[in-house]
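Beneath this line is the structure, given in C-alpha coordinates, with notes to follow.
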Amino acid sequence: MAGRRKGRIIAFQALYAWDVSRRSLEDLLAFDWVEDDKRERLGEEGIAFPRLIIAGAIEHIEEIDRNITENLTNWDFDRLNKVDLAILRMSVYSLLYQTDVHPSIVIDEAVDICKEFGADDSYRFVNAVLDSIRKKHEGSRAP
(Lines give C-alpha, C1' and ligand atoms only; values in the text may rest on other atoms or scores of the structure.)
Protein backbone atom coordinates (compact mmCIF):
# COMPACT_ATOMS: atom_id res chain seq x y z
CA MET A 1 0.00 0.00 0.00
CA ALA A 2 3.01 2.32 0.21
CA GLY A 3 2.65 2.91 -3.53
CA ARG A 4 -0.94 4.00 -3.08
CA ARG A 5 0.06 6.36 -0.26
CA LYS A 6 2.68 7.95 -2.52
CA GLY A 7 0.09 8.16 -5.27
CA ARG A 8 -2.36 9.92 -2.95
CA ILE A 9 0.32 12.39 -1.87
CA ILE A 10 1.07 13.18 -5.51
CA ALA A 11 -2.66 13.58 -6.22
CA PHE A 12 -3.06 15.89 -3.22
CA GLN A 13 -0.06 17.97 -4.35
CA ALA A 14 -1.46 18.22 -7.89
CA LEU A 15 -4.90 19.30 -6.65
CA TYR A 16 -3.25 21.88 -4.40
CA ALA A 17 -1.24 23.23 -7.36
CA TRP A 18 -4.36 23.25 -9.53
CA ASP A 19 -6.21 25.30 -6.92
CA VAL A 20 -3.51 27.87 -6.18
CA SER A 21 -1.96 28.26 -9.63
CA ARG A 22 -4.68 26.94 -11.97
CA ARG A 23 -2.17 24.79 -13.81
CA SER A 24 -3.87 22.98 -16.63
CA LEU A 25 -4.96 19.39 -16.19
CA GLU A 26 -2.62 18.46 -19.03
CA ASP A 27 0.35 20.02 -17.18
CA LEU A 28 -0.57 18.28 -13.94
CA LEU A 29 -0.94 14.88 -15.60
CA ALA A 30 2.44 15.22 -17.33
CA PHE A 31 3.96 15.05 -13.81
CA ASP A 32 6.89 17.24 -14.88
CA TRP A 33 6.61 18.87 -11.45
CA VAL A 34 7.47 15.55 -9.74
CA GLU A 35 11.18 14.93 -9.22
CA ASP A 36 12.59 12.69 -11.97
CA ASP A 37 13.87 9.97 -9.62
CA LYS A 38 10.54 9.83 -7.76
CA ARG A 39 8.62 9.61 -11.04
CA GLU A 40 10.93 6.84 -12.27
CA ARG A 41 10.52 4.86 -9.03
CA LEU A 42 6.74 5.03 -9.35
CA GLY A 43 6.80 3.90 -12.97
CA GLU A 44 3.85 4.12 -15.33
CA GLU A 45 1.69 1.82 -13.21
CA GLY A 46 2.40 3.86 -10.09
CA ILE A 47 1.48 7.09 -11.88
CA ALA A 48 -1.84 5.68 -13.11
CA PHE A 49 -3.41 5.82 -9.64
CA PRO A 50 -2.79 9.54 -8.92
CA ARG A 51 -3.60 10.35 -12.56
CA LEU A 52 -7.06 8.80 -12.07
CA ILE A 53 -7.67 10.75 -8.84
CA ILE A 54 -6.46 14.07 -10.26
CA ALA A 55 -8.44 13.86 -13.50
CA GLY A 56 -11.52 12.50 -11.74
CA ALA A 57 -11.50 15.12 -8.99
CA ILE A 58 -11.16 17.99 -11.44
CA GLU A 59 -13.79 16.51 -13.75
CA HIS A 60 -16.27 16.23 -10.85
CA ILE A 61 -15.13 19.33 -8.95
CA GLU A 62 -18.59 20.92 -8.67
CA GLU A 63 -20.14 17.81 -7.12
CA ILE A 64 -17.14 17.29 -4.86
CA ASP A 65 -17.15 20.90 -3.65
CA ARG A 66 -20.92 20.74 -3.10
CA ASN A 67 -20.47 17.63 -0.94
CA ILE A 68 -17.73 19.34 1.06
CA THR A 69 -19.83 22.50 1.51
CA GLU A 70 -22.91 20.53 2.61
CA ASN A 71 -20.84 18.78 5.29
CA LEU A 72 -19.11 21.79 6.81
CA THR A 73 -20.39 22.63 10.27
CA ASN A 74 -20.05 26.27 11.29
CA TRP A 75 -17.45 26.83 8.59
CA ASP A 76 -17.40 28.62 5.24
CA PHE A 77 -16.04 26.83 2.17
CA ASP A 78 -14.09 29.94 1.11
CA ARG A 79 -12.21 29.94 4.42
CA LEU A 80 -10.89 26.39 4.03
CA ASN A 81 -7.14 25.99 4.22
CA LYS A 82 -5.88 25.12 0.69
CA VAL A 83 -3.99 22.06 1.94
CA ASP A 84 -7.10 20.73 3.70
CA LEU A 85 -9.21 21.49 0.63
CA ALA A 86 -6.90 19.55 -1.68
CA ILE A 87 -6.94 16.57 0.69
CA LEU A 88 -10.73 16.78 0.99
CA ARG A 89 -11.22 16.98 -2.78
CA MET A 90 -8.99 13.99 -3.41
CA SER A 91 -10.71 11.98 -0.69
CA VAL A 92 -14.27 12.92 -1.60
CA TYR A 93 -13.54 11.85 -5.18
CA SER A 94 -12.37 8.49 -3.83
CA LEU A 95 -15.40 8.12 -1.54
CA LEU A 96 -17.85 8.88 -4.34
CA TYR A 97 -16.21 7.26 -7.35
CA GLN A 98 -13.59 4.71 -6.28
CA THR A 99 -16.03 2.18 -4.88
CA ASP A 100 -13.35 -0.53 -4.94
CA VAL A 101 -11.50 1.28 -2.14
CA HIS A 102 -13.04 0.89 1.32
CA PRO A 103 -14.16 4.24 2.81
CA SER A 104 -12.18 3.66 6.01
CA ILE A 105 -8.97 3.36 3.96
CA VAL A 106 -9.75 6.62 2.14
CA ILE A 107 -10.40 8.44 5.42
CA ASP A 108 -7.39 6.94 7.22
CA GLU A 109 -5.10 7.92 4.34
CA ALA A 110 -6.54 11.45 4.29
CA VAL A 111 -5.98 11.83 8.03
CA ASP A 112 -2.40 10.57 7.75
CA ILE A 113 -1.61 12.89 4.83
CA CYS A 114 -3.23 15.75 6.73
CA LYS A 115 -1.07 15.03 9.77
CA GLU A 116 2.01 15.16 7.55
CA PHE A 117 1.16 18.22 5.44
CA GLY A 118 -1.66 20.08 7.18
CA ALA A 119 -1.93 22.40 10.14
CA ASP A 120 -1.70 20.95 13.66
CA ASP A 121 -5.31 19.89 14.24
CA SER A 122 -6.66 20.02 10.71
CA TYR A 123 -6.71 16.23 10.50
CA ARG A 124 -9.62 16.22 12.98
CA PHE A 125 -11.56 18.62 10.80
CA VAL A 126 -10.83 16.62 7.63
CA ASN A 127 -11.78 13.39 9.39
CA ALA A 128 -15.12 14.84 10.54
CA VAL A 129 -16.05 16.18 7.08
CA LEU A 130 -15.12 12.92 5.34
CA ASP A 131 -16.91 10.79 7.92
CA SER A 132 -20.05 12.86 7.44
CA ILE A 133 -19.85 12.43 3.64
CA ARG A 134 -19.19 8.70 4.05
CA LYS A 135 -22.29 8.28 6.21
CA LYS A 136 -24.49 10.14 3.73
CA HIS A 137 -23.28 8.07 0.78
CA GLU A 138 -22.95 4.70 2.48
CA GLY A 139 -26.05 3.25 0.89
CA SER A 140 -25.20 4.47 -2.61
CA ARG A 141 -21.77 2.81 -2.86
CA ALA A 142 -21.49 -0.39 -4.84
CA PRO A 143 -20.32 -3.38 -2.76
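Rundown of residues vs (1) assigned to a helix (DSSP H, G or I); (2) over 18 Å from ALA14 (Cα atoms); (3) of a type in the set (Val, Ile, Thr), yes/no style:
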{"residue": "ALA57", "(1), (2), (3)": "yes, no, no"}
{"residue": "ASP78", "(1), (2), (3)": "yes, yes, no"}
{"residue": "ILE113", "(1), (2), (3)": "yes, no, yes"}
{"residue": "ASP120", "(1), (2), (3)": "no, yes, no"}
{"residue": "ARG134", "(1), (2), (3)": "yes, yes, no"}
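So, in the stretch 22-72, how many residues would count as being surrounded by 15 or more Cβ atoms within 10 Å (Cβ to Cβ), charged (D, E, K, R) and under 25 Å from LEU130 (Cα atoms)? So the count comes out to 2. For the stretch 43-101, a tally of residues being basic (Lys, Arg) and touching a residue at least 40 places away in the same chain (Cβ under 8 Å) returns 2.
Select, from VAL92, VAL111, the only residue that is more than 15 Å from TYR16 (Cα to Cα), modelled with pLDDT of 95 or more and within 13 Å of the chain's Cα centre (by Cα). Checking each option against the conditions leaves just VAL111.
For the stretch 1-21, a residue qualifies if it is among the hydrophobic types (A, V, I, L, M, F, W, C) and buried (at least 16 other Cβ atoms within 10 Å of the Cβ), and the qualifying residues are ILE9, ILE10, ALA11, PHE12, ALA14, LEU15, ALA17, TRP18. Taking the conditions exactly as written (at pLDDT below 90 and more than 18 Å from ARG4 (Cβ to Cβ)), does LEU28 satisfy them or not? So LEU28 fits the description; yes.
Of the numbered criteria (1) within 26 Å of GLY3 (Cβ to Cβ); (2) assigned to a helix (DSSP H, G or I), the one THR99 fails is (2). Under the condition of being acidic (Asp, Glu) and either within 17 Å of ASP108 (Cα to Cα) or in a loop (DSSP other than H, G, I, E, B) (or both), the residues counted in the stretch 59-76 number 1.
The values are calculated or read from the model by the stated rules, or taken from the named source; none is laboratory data. Bear in mind that the values here come from a model prediction, so they are computed numbers and not experimental data. Cβ: placed from backbone, ideal geometry, glycine included. Neighbour counts: every protein chain shown.
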